[in-house]
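Only one structure is covered here, and it is reproduced in the block below.
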Amino acid sequence: MSRLRFLHAAAVVAGIAAVVLAPREAATEGGPQSVPAVLNGCQLCHAQYVTEWADSYHGMAWTDEVYIAAKNATPKDKQASCNPCHVPNPTQTVLGKAPTLRAKNQSEGVACISCHQIPGAKPEEIGTIVGPYAADAAIKSHPNKTDKSMETDPKTCISCHGTDKDHNQYDSWKASDYAKDGKTCQSCHMPAVKRAVFDKKGAMPREAHKHTMPGAHDAEFVKKAATVEASVAAGKVTVKVTNSGAGHNFPGGGEREVVLVVVVTGADGKEAASYRETFDLRKKDNRLKPKETRSLDFDAKAATGTVKVRLLYKLSPEQDETKATVAAEKEFKF
Ligand code: HEC
Ligand code: HEC
Ligand code: HEC
Ligand code: HEC
Ligand code: HEC
């Protein structure tokens, strides 16, 4: 969908990195004297993170065509209410509360500073950077605040993923076994990788985390969310749909729609029956809770034949169904 736009954005970011990388060696204790306004200079020393972030929907939160279309379809007087989460000021000082609108560099969407920065006096300053590592002599390039909970607690995510009904993964996660077992948003969406965090030759490899944030747009990731089982007995098709892998409601967001499609083909090869069931937030929230199994019965309308069950994940109700991700499927003869 917005692949091209996004590749373009990535190319621009890479271009910027290439142009401004030179002063990196000038980094001294206390940080660089001045940083480029773009991305507050993070790309000077963390280019890998910038590349991953540009590939994420955080990096595209403001330029995303799906977002722009949805906003334009919202009544004019409500449109301004959409902007703060899609182009947010730093949230470290308001953790758990909804963010405010960032006026600068809006095309950067949910920028590095949105999650990591305690702002300095001027918007283009690096400010104090909050991160999970313990205070370390290696971190000299910017003032630093250690917050272990960035790894162990989802509070970094709540401002935007837990303060509004349409975009809330936090509440259903909080009520789940995942929360009790200490499996956080980061555990699933920010997998650990061992790598150097600072782009300098010889920088020490660290326990680090990918910033690509796979979600609804990543078919392989969506396939981890659900499983289907089906059987036929006494003229009934019984389908069991389980949210086996999403740490929150499935589907995770209010924009999405999951559709169960059941088709029975008789022994003569003709369609005997077909059924649809929708799971979403719209009319009443009937999404699948974490680890919940929902059992549904349908009339088989054939004595023998084939049952085909598919669980489609749609980015919006309007999405062309042939483009939906098949989250799970099953086919068998009876
Ligand atoms: C509380 C913060 C917040 C507010 C306010 C907000 N959004 Fe979002 N938006 C998000 C988050 C978080 C996501 C990520 C997916 C999800 O939670 O559904 C998102 C995703 C989306 C998507 C899906 C984009 C895609 O690529 O598929 C659309 C469309 C969208 N928002 C539209 C809007 C509109 C329109 C408004 C105003 C009426 C709005 N949002 C207000 C946080 C917010
Ligand atoms: C001049 C180079 C430089 C710039 C510019 C820079 N950083 Fe860093 N950053 C470092 C170094 C060096 C470390 C420590 C790496 C290590 O110890 O392996 C670090 C560590 C970090 C950490 C981990 C800190 C912790 O306590 O866990 C985060 C998060 C971080 N940087 C984010 C940012 C962000 C966001 C920006 C842009 C606003 C930025 N950095 C700009 C050099 C820089
Ligand atoms: C400052 C606001 C903000 C914070 C904080 C934030 N997000 Fe997001 N996130 C968004 C917005 C806005 C989007 C949707 C962008 C779009 O598609 O237009 C999004 C999208 C995502 C997506 C991709 C959704 C998709 O549709 O594919 C994932 C996954 C995600 N966020 C996870 C996280 C996690 C995990 C955290 C905490 C570590 C977090 N976010 C913190 C605002 C935020
Ligand atoms: C949506 C919020 C969010 C955004 C945006 C974000 N980060 Fe992070 N970042 C995190 C979280 C959460 C952690 C801690 C992950 C953990 O420990 O499990 C982290 C960790 C880090 C670390 C420490 C090492 C590691 O990988 O754990 C660095 C360095 C870092 N981020 C740099 C950046 C840079 C540079 C950007 C912008 C290109 C950026 N981050 C954008 C949330 C974010
Ligand atoms: C056990 C793994 C797991 C945990 C824990 C988890 N997620 Fe997810 N998440 C998934 C899977 C799988 C999907 C894709 C299916 C879906 O939409 O539910 C997903 C989807 C998403 C989406 C995209 C939804 C949309 O409509 O675009 C966002 C945003 C998200 N998660 C944020 C979070 C946040 C925030 C937390 C913590 C409060 C979290 N996730 C915890 C596995 C997890």
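The values are calculated or read from the model by the stated rules, or taken from the named source; none is laboratory data. Note that the structure is a prediction, hence the values are computed from the model and not measured. Every residue, glycine as well, gets a Cβ built from its backbone with ideal geometry; the counts of neighbours run over all protein chains shown.
Residues in region 179-233 that are within 14 Å of ligand 5 (Cβ to nearest atom), exposed (fewer than 13 other Cβ atoms within 10 Å of the Cβ) and touching a residue at least 24 places away in the same chain (Cβ under 8 Å): Gly182 alone.
Looking only at region 207-264, filter to residues that are of a type in the set (Lys, Arg) and within 16 Å of ligand 3 (Cβ to nearest atom); which one of those is farthest from Ser176 (Cα to Cα)?
Keep residues of region 207-264 that are of a type in the set (Lys, Arg), which gives 210, 223-224, 236, 240, 256.
So of that shortlist, the ones also within 16 Å of ligand 3 (Cβ to nearest atom) come out as 210, 223-224, 256.
Values: Lys210: 24, Lys223: 20, Lys224: 17, Arg256: 21 Å.
Per the stated criteria, the residue is Lys210.
The condition of being free of Cβ contacts under 8 Å to residues at least 40 places away in the same chain and within 18 Å of Gln117 (Cβ to Cβ) holds for only one of Ser159, Ser149, that being Ser149.
Within region 108-120, the presence of a residue that is surrounded by fewer than 19 Cβ atoms within 10 Å (Cβ to Cβ) and either farther than 29 Å from Glu207 by Cβ or within 12 Å of ligand 4 (Cβ to nearest atom) (or both) is excluded.
Take Ser141 and tell me if it is in contact with a Leu (Cβ under 9 Å, 6 or more places away or on another chain) and either of a type outside the set (A, V, I, L, M, F, W, C) or part of a loop (DSSP other than H, G, I, E, B) (or both). It would help to see each step written out before you state the result.
Values: in contact with a Leu (Cβ under 9 Å, 6 or more places away or on another chain): yes; either of a type outside the set (A, V, I, L, M, F, W, C) or part of a loop (DSSP other than H, G, I, E, B) (or both): yes.
Considered against the rule, which asks whether it is in contact with a Leu (Cβ under 9 Å, 6 or more places away or on another chain) and either of a type outside the set (A, V, I, L, M, F, W, C) or part of a loop (DSSP other than H, G, I, E, B) (or both), Ser141 comes out as yes.
Pick from Ala273, Ala230, Ala234, Ala246: which is under 20 Å from the mean Cα position of the chain (by Cα), at pLDDT 95 or above and outside the structural domain of Tyr67 (by TED's automatic domain parsing)?
Working: Ala273 fails: under 20 Å from the mean Cα position of the chain (by Cα); Ala230 fails: under 20 Å from the mean Cα position of the chain (by Cα); Ala234 fails: under 20 Å from the mean Cα position of the chain (by Cα).
Every option except Ala246 fails the conditions.
For Pro75, the conditions (1) over 24 Å from Leu315 (Cβ atoms); (2) surrounded by fewer than 16 Cβ atoms within 10 Å (Cβ to Cβ); (3) over 21 Å from the mean Cα position of the chain (by Cα) are fulfilled apart from (1).
Quick one: how many residues across region 175-213 are out of contact with any strand residue (DSSP E or B) (no Cβ under 8 Å at 6 or more places or on another chain) and in a loop (DSSP other than H, G, I, E, B)? Full working, then the answer.
Of region 175-213, the ones out of contact with any strand residue (DSSP E or B) (no Cβ under 8 Å at 6 or more places or on another chain) are 175-185, 187-189, 198-202, 211-213.
From what's left, in a loop (DSSP other than H, G, I, E, B): 175-176, 181-184, 198-202, 211-213.
Residues in region 175-213 being out of contact with any strand residue (DSSP E or B) (no Cβ under 8 Å at 6 or more places or on another chain) and in a loop (DSSP other than H, G, I, E, B): 14 in total.
I'm trying to understand the selection: among the residues of region 264-295, which are surrounded by fewer than 15 Cβ atoms within 10 Å (Cβ to Cβ), touching a residue at least 24 places away in the same chain (Cβ under 8 Å) and in a strand (DSSP E or B)? Passing the criteria: Thr293, Ser295.
Quick one: which of Glu124, Glu151 is outside any strand (DSSP E or B), more than 16 Å from ligand 3 (Cβ to nearest atom) and either in contact with a Ser or Thr (Cβ under 9 Å, 6 or more places away or on another chain) or charged (D, E, K, R) (or both)?
When all the criteria are applied, what remains is Glu124.
Can you spot a residue in region 157-173 that is loosely packed, with under 14 Cβ neighbours inside 10 Å and either part of a strand (DSSP E or B) or of a type outside the set (D, E, K, R) (or both)? Looking for residues that are loosely packed, with under 14 Cβ neighbours inside 10 Å and either part of a strand (DSSP E or B) or of a type outside the set (D, E, K, R) (or both), one finds none in region 157-173, hence no. Being of a type in the set (A, V, I, L, M) and more than 17 Å from Val197 (Cα to Cα) holds for only one residue in Ala121, Ala134, and it is Ala121.
Which of the residues belonging to region 257-295 are of a type outside the set (Lys, Arg) and within 14 Å of Ala328 (Cβ to Cβ)? Talk me through it step by step, then tell me what you get.
Of the residues in region 257-295, the ones of a type outside the set (Lys, Arg) are 257-269, 271-275, 277-281, 285-286, 288, 290, 292-293, 295.
Within region 257-295, Val258, Val259, Leu260, Val261, Val262, Glu277, Phe279, Leu288, Thr293 meet the criteria.
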